[in-house]
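Visitor: Handing you a structure now.
The values are calculated or read from the model by the stated rules, or taken from the named source; none is laboratory data. Worth saying up front: this structure is predicted, and the values here are computed from it rather than measured. Here the Cβ positions follow ideal geometry from the backbone for every residue, glycine too, while neighbour counts run over all protein chains shown.
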Amino acid sequence: MFENRDDYFANYIEEDKAGKAQFLWVSLFYFMAKACMDEYGTEGEKVIRQAVRDLGKERAVRKRQRSDEMGMEPNLVSMTKVIDLYGEPRFSFGKQISEATPEEKIIKVYTCPNCNIWARLEGKKSGDYLKIGSIYCEEVHHYLYGKYDPAIQVNLCEILTKGDPLCNFRLNMREANKSAYAVPVYEPQSWEDYGTDVTGSIYTVFCLNYFHYGKAIYDTLGKNTLKNGLRAFGKCRGERIRELNRRRGQENSIENLLEQGDLFLDIRENPEVEKVSDREYRIHFSRNIMREVLRSHKAEELLDIYYEEAIAALAVAYNSKLRTEIMELPQKTGYEMKIRVEE
């Protein structure tokens, strides 16, 4: 991934928390989609496309439930006010982003970190057609916006991941097209308490992404395909942290992994680090946001697979002598992670 030392674009690595969290969910999609398509071709692509649609639908329905709960009139302004994902700072928009009425909304995106991340992962540059990245863009937005209300028409005229100069969204929700639309009553979830924290909202969406991709792959293509995707995802994370150390002239130690890595992104998990010895650390997390998401979706079986594959692969890619162990705490809310150096 980092062979071309002179290509800044190919070798850029996010260092702030919001950027790292963004990389998690964007790269998770890439590696899940790649595993499906590499192993099952078109059938695998069908699975990941449906998973993206399901993700978009869940977010849209929850937005509608929340706006109904707050007594808002269902329209494009109300939809915009209900935020479940705060924008990662690297996005850049055109002036039309603010031009929203109840019946019309125009969004122009000129710089998208998702597109740039997918381009790096595909070995391409921004402005190239992205085989995998474009799948997400083709599928998610028609559900993320359209499932808020059936009256919404989603027109995505140009897409950065297809090589266009911008993403050009034009949404219509005409009064004449409205009809009754019943959604279940809103039931707040524990994992929705990120408030206005940008990184917390992004990390929560990462967990939602994992549920939808993981469950779809597990149920239709099998556990091995899910494991393969997670191992590739974890390996990439470990290589990125290792590369940062190389640039800074630092060792691939546990201390630097904990300080520079992407294990401590969501402040709600409240990690406390305990140094057992020079060769072992224990990290106590008071909460486990991914478990909360999976539990609310009745899919806790996906949690151990994630830790056994993604976290283990991250550690080995970072330092071949590192091993990790995950243990749930008795109160079933937080967890403990052990990281040790093997002889």
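Visitor: Select from the range 87-140 the residues that are under 23 Å from Leu55 (Cα atoms), over 20 Å from the mean Cα position of the chain (by Cα) and aromatic (Phe, Trp, Tyr) and list them in ascending order.
Guide: Hits for the range 87-140: nothing passes.
Visitor: Is it the case, given these coordinates, that Lys215 is surrounded by fewer than 20 Cβ atoms within 10 Å (Cβ to Cβ) and within 16 Å of Ser296 (Cα to Cα)?
Guide: Yes, satisfied.
Visitor: When the residues of the range 247-257 are narrowed to those that are surrounded by 13 or more Cβ atoms within 10 Å (Cβ to Cβ) and either among the aromatic types (Phe, Trp, Tyr) or free of Cβ contacts under 8 Å to residues at least 60 places away in the same chain (or both), which ends up farthest from Thr199 (Cα to Cα)?
Guide: So, considering only residues that are surrounded by 13 or more Cβ atoms within 10 Å (Cβ to Cβ) and either among the aromatic types (Phe, Trp, Tyr) or free of Cβ contacts under 8 Å to residues at least 60 places away in the same chain (or both), the one farthest from Thr199 (Cα to Cα) is Gln250.
Visitor: Identify all residues within the range 171-183 that are loosely packed, with under 13 Cβ neighbours inside 10 Å and under 17 Å from Met72 (Cβ atoms); write none if there are none.
Guide: Hits for the range 171-183 are Glu175, Ala180, Ala182.
Visitor: While we're looking at this one, here's another question. What's the total number of residues in the range 105-147 that are modelled with pLDDT of 95 or more and part of a strand (DSSP E or B)?
Guide: 0
Visitor: Name the pairs whose Cβ atoms lie under 6 Å apart, with the first residue in the range 164-187 and on the phi < 0 side of the Ramachandran plot, the second surrounded by 15 or more Cβ atoms within 10 Å (Cβ to Cβ) and among the small types (Gly, Ala, Ser), and 6 or more positions between them or separate chains?
Guide: These pairs meet every condition: Met173/Ala151; Asn177/Ala151; Lys178/Ala151.
Visitor: When the residues of the range 270-290 are narrowed to those that are touching a strand residue (DSSP E or B) at 6+ places or on another chain (Cβ under 9 Å) and buried (at least 21 other Cβ atoms within 10 Å of the Cβ), which ends up farthest from Asp219 (Cα to Cα)?
Guide: In this case the residue turns out to be Phe285.
Visitor: Criterion first (touching a helix residue (DSSP H, G or I) at 6+ places or on another chain (Cβ under 8 Å) and part of a helix (DSSP H, G or I)) does Val205 satisfy it?
Guide: yes
Visitor: Against the conditions (1) of a type outside the set (Val, Ile, Thr); (2) surrounded by 20 or more Cβ atoms within 10 Å (Cβ to Cβ); (3) touching a strand residue (DSSP E or B) at 6+ places or on another chain (Cβ under 8 Å), where does Leu144 fall short? Just the number, please.
Guide: In the conditions (1) of a type outside the set (Val, Ile, Thr); (2) surrounded by 20 or more Cβ atoms within 10 Å (Cβ to Cβ); (3) touching a strand residue (DSSP E or B) at 6+ places or on another chain (Cβ under 8 Å), Leu144 misses (3) alone.
Visitor: Just wondering, is there one or more residues in the range 148-167 that are outside any helix (DSSP H, G or I), under 17 Å from the mean Cα position of the chain (by Cα) and outside the structural domain of Tyr213 (by TED's automatic domain parsing)?
Guide: The answer is no, given that none of the residues of the range 148-167 is outside any helix (DSSP H, G or I), under 17 Å from the mean Cα position of the chain (by Cα) and outside the structural domain of Tyr213 (by TED's automatic domain parsing).
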